[in-house]
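Report on the structure given below.
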Amino acid sequence: MRTFTKIVSAAAALALMGTVTACGTGNNAGDDTVTISFQHQFNDVQTQAIETLVARFEEEHPSIRVNLLRNNDSAFYDALVTQILGGGGPDIVRVEPPRVPQYIASGWTLPLDDIFDPANFFPAAVEALTSPDGQLHGVPFDIDALALFYRPDMLETAGITEVPQTWEDFRTAAVAMTDGDTYGAGLFGGWGAFTFYPWLWQAGGQVLNENQTEAAFNSPEGVAALQFWVDLQNSAMPPGMATAGEDEVRGPFVAGRIGMIPSGPWAIPSLKETGIDWAVAPLPADKESATVLGGMSLLALANTSHPDQVKTFLTWLMDDENLGEYYAAVGGIPAKTSLFNDPAFANDPYVSAFQAILETARNRPTIEEAGLIDEALTEAIQAALAGTSSPQAALDAAAARVNEALND
């Protein structure tokens, strides 16, 4: 079995070096209080919000303490695997959804379908958290997807009366808004595969074949998607989009020098403070509508010594009232569909826009080689945008690299 061979070998070597942390902390000496650990990579705002919730949970559940372990180190996942292989690790962990199928296959996660109903979440958000036998092994917590952020004032000035809904609409609007140092679009290659996946899917292409044994992104559909980006680079985007990231396009977007960019819910809080004219819509469609799912999920690790207390905390945390408080504090998009009926979110036009957008969200590859696929595809996108390779040649080279890895 290919899954996890490389990561387990590397982590096992680290475990032998003694870099293992015990799972949970057991009972505190002298009382019946149980302490469970929650390891995460929340940012500052998210950390403050989760600390507030944990404090209230502990007031309501005096026999359970939650030890929050913030670890923003780049080796977060390597360290986690080492801990698990050593028989330890945290009781609860916040992870990227594409990693979860590997964790499930290795027996590292605790089923949670006895406390959560998958129907309460967007289908794509629970897809990566579900085992082959249908058990739910995690719960979506932070959720996001790429959308079209656009300047209505710039569209109007260019004579465009409707938000672009198709690729042709998008191309027409982008070219119409381009004049001098003002550009219609900013599709950036610095985020590589993550930003490109929606366009690949919209064209009818796929990342891998059905058996996930061979690259499929160098298909005619994949080439058409990348050629669309290249054509825009040559006609309606600022120079240097090959290696630009969101930071390089968001500033010009706010300044009125780029009319349309892809972004996600994380951009909403800061854009609300700018006072500019902006709005959110689904990415334009070609053969179909699609976007890429992002976010983070919560897992209960199978090594936990306190499964009942872990489930008590997760059930409390995912209650609509508590979860809604978290999203309100951090400016996030609800992972639970029921929260979209809450006036606090239903009356927010940006949140409402993302509700429809998330219906078309798809997962990135979840196999062991997912990182290499992203890397190879990113290099192809950047080469094509920079003009150093044709879309076909760039994607063929990336596919050859991916296939070599898949067949190794």
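Among rounded, prolate and oblate, which fits region 87-154 when a ≥ b ≥ c are the square roots of the eigenvalues of its C-alpha gyration tensor, a/c under 1.5 means rounded, and a/b larger than b/c means prolate? Note, shape of region 87-154 comes out prolate. Spin-label model, Thr52/Asn407: points 7 Å from Cα along the beta carbon direction are separated by 5.6 nm. Among Trp229, Trp278, Trp191, a tally of other beta-carbon atoms within 10 Å of each Cβ gives an order, fewest to most, of Trp191, Trp278, Trp229. As an equivalent ellipsoid, region 219-272 spans semi-axes of 24, 14, 9 angstrom, where each value is the square root of five times an eigenvalue of the C-alpha gyration tensor, largest first.
Per residue, the convex hull spanned by the Cα atoms of region 182-268 measures out at 99 cubic angstrom. Counting only whole DSSP H helices of the chain, the ones at least 20 Å long by C-alpha along their axis and with mean Kyte-Doolittle hydropathy no lower than -1.0 are 44-60, 220-235, 370-386, 391-406. A simple rule links phi to the HN-Hα coupling: the Karplus curve 6.51 cos²θ - 1.76 cosθ + 1.60 with θ = phi - 60°, which for region 259-273 gives x, 9, 9, x, 7, x, x, 4, 7, 4, x, 6, 5, 4, 8 Hz, with x for Gly and Pro.
Between Glu156 and His61, the distance separating the two model label sites (each 7 Å from Cα on the Cα→Cβ line) works out to 5.1 nm.
Each of Ser263, Leu323, Gly275 was placed along the dipole of region 262-355 (beta-carbon charges, centred on the mean Cα), and the one lying farthest toward the positive end is Ser263. Counting only the Cα atoms, region 54-209 fills a convex hull of 217 Å³ per residue.
Potential lengthening of the chain between Ser235 and Glu168 amounts to 22.8 nm, from the contour at 0.36 nm per residue minus the alpha-carbon distance. Where is the GNM fluctuation largest for the chain (alpha-carbon springs, 10 angstrom cutoff): Asp91, Asp133, Asp277? In the Gaussian network model the winner is Asp133. The longest part of the chain holding none of the exposed loop GluC sites (Glu not before Pro), meaning those outside H, G, I, E and B in DSSP with at most 13 other Cβ atoms within 10 Å, is 1-161.
Summing Cβ point charges (Lys, Arg +1; Asp, Glu -1) relative to the Cα centre of region 64-164 gives a dipole of roughly 380 debye. The simple spin-label model puts a point 7 Å past each Cα toward its Cβ; for Trp191 and Asp32 those points are separated by 5.0 nm. Computed from the Kirkwood radius of its Cα pairs, the Stokes-Einstein diffusion coefficient for the chain at 37 °C and 0.692 mPa s stands at 145 µm²/s. Looking only at trypsin sites (Lys or Arg not before Pro) in DSSP loops with at most 15 other Cβ atoms within 10 Å, what is the longest site-free stretch of the chain? The longest such stretch corresponds to 3-286.
Which residues among region 381-408 fall inside the zone where the amide N is under 17 Å from a point 7 Å beyond the Cα of Glu210, along Cα→Cβ? Counting backbone N atoms under 17 Å from the label point, the list is empty. The calculated 222 nm mean residue ellipticity attributable to helices in the chain amounts to -13000 deg cm²/dmol, summing -39500 (n - 2.57) over DSSP H runs of n ≥ 4 and dividing by all residues. Assuming charge only on the beta carbon of Lys and Arg (+1) and of Asp and Glu (-1), the dipole of the chain about its Cα centre is about 580 debye to the nearest 20. Normalising the average separation of contacting C-alpha pairs (under 8 angstrom, six or more residues apart) by the number of residues puts the relative contact order of the chain at 24 percent.
Here, each number is a calculation from the coordinates, and none is a lab measurement. Remember, predicted model here, so these are calculated numbers, not experimental data. Cβ atoms come from the backbone with ideal geometry, glycine included; neighbour counts cover every protein chain shown.
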